[in-house]
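First comes the structure, then the notes that go with it.
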Amino acid sequence: MPRPDVQPFLDYLRQAAANGMPGIHQMPLVAARASYVAMQQLADLPPEPLAVIRDLACPGPAPNSAANAPIPLRLYDARPSRPPGPALVFYHGGGFVLGGLDSHHNVCTTIARSLDLPLIAVDYRLAPEHPFPAAPDDAEAAARWIAQSPTELGRTITGLVPIGDSAGGTLAIVVTQALMAQPAAVPVVAQVPIYPLTDEATDHASMAAFGAGFLLQSDVLEWFVGSYRPPSGDPRAFPVHGRHDQMPPTVLVTAGLDPIRDSGRVYGAALVKAGSDVLFLERKGTIHGFIQVRKAIPSAQADTDAILSATRLVLDSLK
C-alpha cells in the first residue's frame, strides 16, 4: 500500500502517461537523459551548501586504449580540510543508461553533510554507447584511484565506502567484491547499496506486483538491460553470483513498492547465509528512486535519514 504522500506522486505520473507523455524509454536518448536530470530539479530538495564542491577526473581503466579517457568525478565535503579518514565513493542510478554528476547532485550534498565525510561521485560511462563492462571498469578504476589519496583530492583516505542507488547500488557491490578479492591501497570498510539490482531473475513476486504503475516500469527495465547487455551469470553484472563471505559490513536498502525489491532481498539473504554482517532496511510503502524525489515525496527525506543513520552506526562501530 503506498504511503499517503506517495500515492499523489504515483497519480501524477499515471495522469501524465494518460495525457500522452512518453515513457523515458520511448524518448530519444538525449531527451531521456535530460529528462532524468530535470526530475531532480522538479522533484528533489535543493542542494545543501558545502565548503567544497569541486569537479575533477581520474585516469580510465585501460592504459594505452580508448577506454583510458579520464573519468569525471565530483568531490563533496562539508569541511575545507579534514584529518585522515574514510571516504564515500558514490555511484549514481539510471539503469546504466541515464544519470551522471548532475542527476544526483542534490542528494550527494545531503549525504556528504549528514555523514561528515568526503564524498566522491563517479561519472562512469553509459550504455548503449558503452555497454557492459564499461560501467564496472570505470567504477573500479575510480575507487582504486581514490584509495591512493591522490593530491587532487587534498585528503588522506584511510578506507572506502562504496555507496549508490539502483544501478549505482549494483556497482557499489561489484566494486566492493572486486576490492575484497584484490585489495586497493586502503580497504573497503563498508558498503551501502540502495535498491540495487543483483540478479537477472525476472520472476520475482515484486516484479509481478510492481512492474507497472510504480515509477520503475518493467518495460523500462527491459530497455535498460537491452542497452547495457549484461551477461547472465557474470558477478560483475549480477553480483549475487559473486562471493559473499568476508564482505565488509553492509547497509542494504530496498523499497517496498519496487519491482526489483526482491532482487535486493536475495542479495541480503546471500550475505546472511555467508556469515557477513548486514543491516537490512526495507522502506515500506515507497517506490524505487525515493532518494531523488524528496520534495515530491516528503517522507523520502526520513527514508534517506534512516539510511544515513544506519551507515553512521556501522562506521561508528568500526572506530
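The values are calculated or read from the model by the stated rules, or taken from the named source; none is laboratory data. As the structure is a prediction and not an experimental result, all values here were calculated from the model. Glycine gets a Cβ as well: all are built from the backbone with ideal geometry, and neighbour counts include every protein chain shown.
A few points about this structure:
- Residues satisfying the stated conditions in the range 199-254, i.e. assigned to a helix (DSSP H, G or I) and farther than 19 Å from ILE287 by Cβ: VAL225, GLY226, SER227, TYR228, PRO239, VAL240, HIS241
- Matching residues, the range 284-307, being out of contact with any strand residue (DSSP E or B) (no Cβ under 8 Å at 6 or more places or on another chain) and at positive phi: GLY285
- Test: GLY264 is part of a strand (DSSP E or B), surrounded by 20 or more Cβ atoms within 10 Å (Cβ to Cβ), among the small types (Gly, Ala, Ser) and under 17 Å from the mean Cα position of the chain (by Cα): no
- The residue that is surrounded by the most Cβ atoms within 10 Å (Cβ to Cβ), counting only those in the range 119-135 that are in contact with a helix residue (DSSP H, G or I) (Cβ under 6 Å, 6 or more places away or on another chain) and not aliphatic (A, V, I, L, M), is TYR124.
- Condition met for THR156 (at pLDDT 95 or above, closer than 15 Å to ARG74 by Cα and out of contact with any Leu (no Cβ under 9 Å at 6 or more places or on another chain)): no
- Single condition PRO259 does not satisfy, out of (1) under 25 Å from PHE9 (Cβ atoms); (2) in contact with a strand residue (DSSP E or B) (Cβ under 9 Å, 6 or more places away or on another chain): (2)
- Within the range 202-219, residues that are modelled with pLDDT under 95 have Cβ atoms under 7 Å from residues that are surrounded by 20 or more Cβ atoms within 10 Å (Cβ to Cβ) and of a type in the set (A, V, I, L, M) in these pairs: PHE214/LEU257; PHE214/ILE287; LEU215/ILE287, counting only partners at least 6 apart in sequence or on another chain.
- Filtered residue count, the range 273-301, keeping only those that are part of a helix (DSSP H, G or I) and either surrounded by 14 or more Cβ atoms within 10 Å (Cβ to Cβ) or of a type in the set (D, E, K, R) (or both): 7
- Of all residues making up the range 1-34, the number that are assigned to a loop (DSSP other than H, G, I, E, B) and free of Cβ contacts under 8 Å to residues at least 12 places away in the same chain: 7
- Residue in the range 269-281 that is touching a Gly at 6+ places or on another chain (Cβ under 7 Å) and of a type outside the set (Ser, Thr, Tyr) present: yes
- Selection status of ARG125, without any contact (Cβ under 8 Å) to a residue 60 or more places away in the chain, in a loop (DSSP other than H, G, I, E, B) and not small (Gly, Ala, Ser): yes
- Within the range 304-319, the set of residues being farther than 20 Å from THR109 by Cα and exposed (fewer than 14 other Cβ atoms within 10 Å of the Cβ) comprises ASP316, SER317, LEU318, LYS319.
- Counting only residues that are basic (Lys, Arg) and crowded, with 24+ Cβ neighbours inside 10 Å, the range 151-173 holds 0 of them.
- Single match in ALA141, ALA147 (criterion: surrounded by 21 or more Cβ atoms within 10 Å (Cβ to Cβ), farther than 26 Å from ASP305 by Cβ and in contact (Cβ under 8 Å) with a residue 40 or more places away in the chain): ALA141
- Which listed residue, of VAL107, VAL174, VAL161, is modelled with pLDDT of 95 or more and either farther than 26 Å from MET39 by Cβ or part of a strand (DSSP E or B) (or both): VAL161
- Looking only at the range 191-226, and only at residues there that are within 18 Å of VAL174 (Cβ to Cβ) and among the aromatic types (Phe, Trp, Tyr), the one that is surrounded by the fewest Cβ atoms within 10 Å (Cβ to Cβ): PHE224
- Residues being buried (at least 24 other Cβ atoms within 10 Å of the Cβ) and under 15 Å from ALA142 (Cβ atoms) - total across the range 174-190: 4
- Top-ranked residue in the range 227-261 [being surrounded by fewer than 23 Cβ atoms within 10 Å (Cβ to Cβ) and among the acidic types (Asp, Glu); ranked as nearest to SER317 (Cα to Cα)]: ASP245
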